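Encoded as structure tokens, the structure appears first; notes follow it.
The values are calculated or read from the model by the stated rules, or taken from the named source; none is laboratory data. Computed from a predicted model, the values in this text were never measured in an experiment. Here the Cβ is made from the backbone with ideal geometry for all residues, glycine too, and neighbour counts use every protein chain on show.
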Amino acid sequence: MLQEILPYLYLLAAAGFILALKWMSSPKTARLGVLAGAVGMLLAVVGTLLRFDVVEYQWILIAFFIGSAIGVPLAVLMPMTAVPQRTAISHSCGALATALIGTAEFYKHPQGGFTMAALVLETLLGFLTMTAALMAFGKLHEILPTRPITYKGQNIVNLGLLALAIAIGVWLVIDPTQTWLFPIFAALAMIFGVLLIIPIGGADMPTVIALLNSYAGLSASAMGFVLNNKMLIIAGALDGASGLILSIIMCRAMNRSFTNVLFGAFGQVQATGAAAAARPYRSASAEEAAQVLDAARSVIIIPGYGMAIAQAQHQLRELHDILTRRGVEVRFAIHPVAGRMPGHMNVLLAEADVPYDKLIEMDEINGEFPVADVALVIGANDVVNPAAQTDPTSPIAGMPILEAHKARMVMIIKRGMSPGFAGIDNDLYYLDKTLMLFGDAKTFVQSLVKELSANGQAAHA
Amino acid sequence: MRNYEFELYVFMLAAFLGFQLIRGVSVLLHTPLMSLTSAISAISVVGAILITGAADASPLTRTLGFIAVVAATTNVVGGYLITDRMLRMFKKREGAKR
């Protein structure tokens with residue numbers, strides 16, 4: 001009796017996952033979505049534990065315990081700025097799980113045909129995503145150099161490795177008794193994962209993280225085919241679709257194709273171009289900048305990865321508060337690829353208590369720049385570079401940008417005049433209406449707030 | 001053979017459903033979306049349990065399964081918790097400001 005009910009728990013679990021994604025459509029229902037997803041997961045796990053073919057509980061329970069002991073502190077203590085790294089690690093963990101399950105299935109009873117093809121796909125995606133996500137973690141955490149590392153013939157080596165891994169995979173499908181091939185297959189997949197990420201620069205990480213999300217999902221879906229489990233197929237397909245859509249959004253936001261992100265090694269062109277002669281620019285102190293902000297009626301703040309590094313989001317919220325109190329309209333313009341993962345800026349600013357209706361997407365805010373008094377750029381560079389629209393030879397030509405240059409005045413908080421992540425010089429810095437504000441983002445915004453509140457008191461006195 | 005055909009249909013429909021659902025997700029929430037989907041894809045814990053708990057598990061498959069359960073559980077627990085933590089930040093604003 002019980003055994004007959006269990007498959008329906010899987011059905012309910014699948015419904016839970018679908019509702020989870022549906023309710024993510026709005027911040028109002030999103031937490032309900034998490035609950036639906038968690039309930040679905042619980043039903044699936046319980047439904048599996050009660051199955052007649054699960055007889056040994058000891059190791060499972062120990063593993064649950066260890067997994068929770070790692071997972072809970074990771075989730076509760078992780079600072080929001082480290083969310084991209086955590087996401088990379090979780091892709092790696094998820095992929096490791098599917099890869100190892102596939103491996104175990106293979107050694108348990110090697111079978112040919114469709115099941116083996118699914119198993120090969122599962123383990124290929126699993127192993128390569130595991131190492132690729134680890135590499136992405138290394139780059140995001142800056143243990144590894146974030147600049148793309150390239151060498152001659154790189155793409156040929158990479159594609160050759162992948163082709164070899166696939167060839168061995170096909171061989172295994174044809175003759176699954178050749179168990180000695182499997183470790184070679186797994187090793188090739190893992191090496192390919194490493195090589196895939198080496199030439200990708202930090203600025204491309206949003207796309208890569210989303211793509212790895214997709215791979216991990218597809219790997220889980222392939223596992224569903226191996227285990228004849230439709231719920232796994234559905235859950236994996238949902239995740240695969242999610243990652244794919246996010247990476248397409250990221251690619252569009254950079255006006256680049258998948259192949260270009262994965263094999264294009266962004267930023268290499270610039271090594272020579274950046275040597276251009278020094279051009280004149282205007283800079284200002286915090287005091288002057290505060291006066292400009294005080295006189296403004298509408299300010300649009302453009303945060304970028306530099307804001308995340310400097311952890312300036314709380315100071316920005318103070319700036320937002322003090323300006324709003326003085327009747328200045330303050331909004332935040334969020335470029336889709338600002339930061340190191342999709343939606344990175346939104347989470348940081350939400351953490352700092354910025355109301356989320358002040359976080360405006362690119363398409364909506366771009367029409368507002370011509371009527372804005374000040375565009376304040378903090379730690380963003382390429383996403384406000386007008387060269388994307390004006391210079392067809394620029395490496396970022398055609399990339400949709402936030403049109404900060406259309407604001408009446410532009411202020412840019414920056415450490416120095418060095419070019420940004422992609423190594424591309426920015427004409428925005430040299431406009432007549434641009435003021436460069438040199439300093440650490442956090443300290444500078446802090447002094448802006450201080451100047452403004454001092455001003456306010458003087459005015460009231 | 002018919003079983004695979006059926007499963008491929010399930011996959012196709014789920015993938016299309018996924019595309020439709022994700023397109024409706026607010027841009028604001030793309031980061032929590034990623035941590036949520038990575039928690040959901042840890043559904044592979046189901047496969048890991050089946051391997052680890054099987055009566056005929058060899059030391060090799062049980063070890064692999066054990067590591068897989070640990071890795072997947074980390075994602076399940078951590079993924080849902082951090083997604084909720086992020087979403088709470090979005091929610092709080094609403095109450096405070098309106």
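Here are the numbers for the structure shown:
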{"read-out": "Tally, over region A:162-208, of residues that are polar (S, T, N, Q), part of a helix (DSSP H, G or I) and over 25 Å from A:Cys251 (Cα atoms)", "value": "0"}
{"read-out": "Output for region B:20-43, where each listed residue is surrounded by 15 or more Cβ atoms within 10 Å (Cβ to Cβ) and more than 15 Å from A:Gly37 (Cβ to Cβ)", "value": "B:Ser26, B:Val27, B:Leu28, B:His30, B:Thr31"}
{"read-out": "Matching option when the condition is without any contact (Cβ under 8 Å) to a residue 60 or more places away in the chain and in contact with a Leu (Cβ under 9 Å, 6 or more places away or on another chain), among B:Ala42, B:Ala57, B:Ala48", "value": "B:Ala48"}
{"read-out": "Qualifying positions in region A:350-386 - among the small types (Gly, Ala, Ser) and out of contact with any helix residue (DSSP H, G or I) (no Cβ under 6 Å at 6 or more places or on another chain)", "value": "A:Gly367, A:Ala372, A:Ala380"}
{"read-out": "Selection status of A:Leu144, within 28 Å of A:Ala338 (Cβ to Cβ) and either in the same structural domain as A:Thr129 (by TED's automatic domain parsing) or at pLDDT below 95 (or both)", "value": "yes"}
{"read-out": "Test: residue in region A:118-140 that is outside any helix (DSSP H, G or I) and either farther than 16 Å from A:Leu218 by Cα or more than 20 Å from the chain's Cα centre (by Cα) (or both)", "value": "no"}
{"read-out": "Neighbours by Cβ (under 9 Å, 6+ apart or cross-chain): first from region A:62-84, within 7 Å of chain B (Cβ to nearest Cβ); second buried (at least 17 other Cβ atoms within 10 Å of the Cβ) and of a type in the set (D, E, K, R)", "value": "A:Leu74/A:Arg86; A:Ala75/A:Arg86; A:Ala75/B:Asp84; A:Ala75/B:Arg85; A:Val76/B:Arg85; A:Met78/A:Arg86; A:Met78/B:Arg85; A:Val83/A:Arg340"}
{"read-out": "Enumeration of residues in region A:220-246 that are surrounded by fewer than 24 Cβ atoms within 10 Å (Cβ to Cβ) and in a helix (DSSP H, G or I)", "value": "A:Leu227, A:Lys230, A:Leu244, A:Ile245"}
{"read-out": "Yes/no for A:Val34 being among the β-branched types (Val, Ile, Thr), crowded, with 22+ Cβ neighbours inside 10 Å and within 19 Å of B:Ser35 (Cβ to Cβ)", "value": "yes"}
{"read-out": "Candidates A:Pro400, A:Pro395 - the one that is in contact (Cβ under 8 Å) with a residue 40 or more places away in the chain, under 19 Å from A:Ile360 (Cα atoms) and surrounded by fewer than 24 Cβ atoms within 10 Å (Cβ to Cβ)", "value": "A:Pro400"}
{"read-out": "Meets criteria (over 29 Å from A:Met24 (Cα atoms), surrounded by fewer than 24 Cβ atoms within 10 Å (Cβ to Cβ) and among the hydroxyl-bearing types (Ser, Thr, Tyr)) for B:Thr61", "value": "yes"}
{"read-out": "Hits in region A:96-112 - residues which are in a helix (DSSP H, G or I) and more than 9 Å from chain B (Cβ to nearest Cβ)", "value": "A:Phe106"}
{"read-out": "Residue in region A:42-54 that is closer than 24 Å to A:Glu122 by Cβ and basic (Lys, Arg) present", "value": "yes"}
{"read-out": "Output for region B:11-53, where each listed residue is within 7 Å of another protein chain (Cβ to nearest Cβ), assigned to a helix (DSSP H, G or I) and among the polar types (S, T, N, Q)", "value": "B:Thr31, B:Ser35, B:Thr37, B:Ser38, B:Ser41, B:Ser44, B:Thr52"}
{"read-out": "Test: A:Pro73 is over 20 Å from the mean Cα position of the chain (by Cα), within 28 Å of A:Tyr305 (Cα to Cα) and outside any loop (DSSP other than H, G, I, E, B)", "value": "yes"}
{"read-out": "Unique residue being within 27 Å of B:Phe19 (Cβ to Cβ), part of a loop (DSSP other than H, G, I, E, B), not assigned by TED's automatic domain parsing to the domain that holds A:Leu232 and not β-branched (Val, Ile, Thr) when the list is A:Lys22, A:Lys28", "value": "A:Lys28"}
{"read-out": "Enumeration of residues in region A:8-42 that are in contact (Cβ under 8 Å) with a residue 12 or more places away in the chain and over 24 Å from B:Met86 (Cα atoms)", "value": "A:Leu9, A:Tyr10, A:Leu11, A:Leu12"}
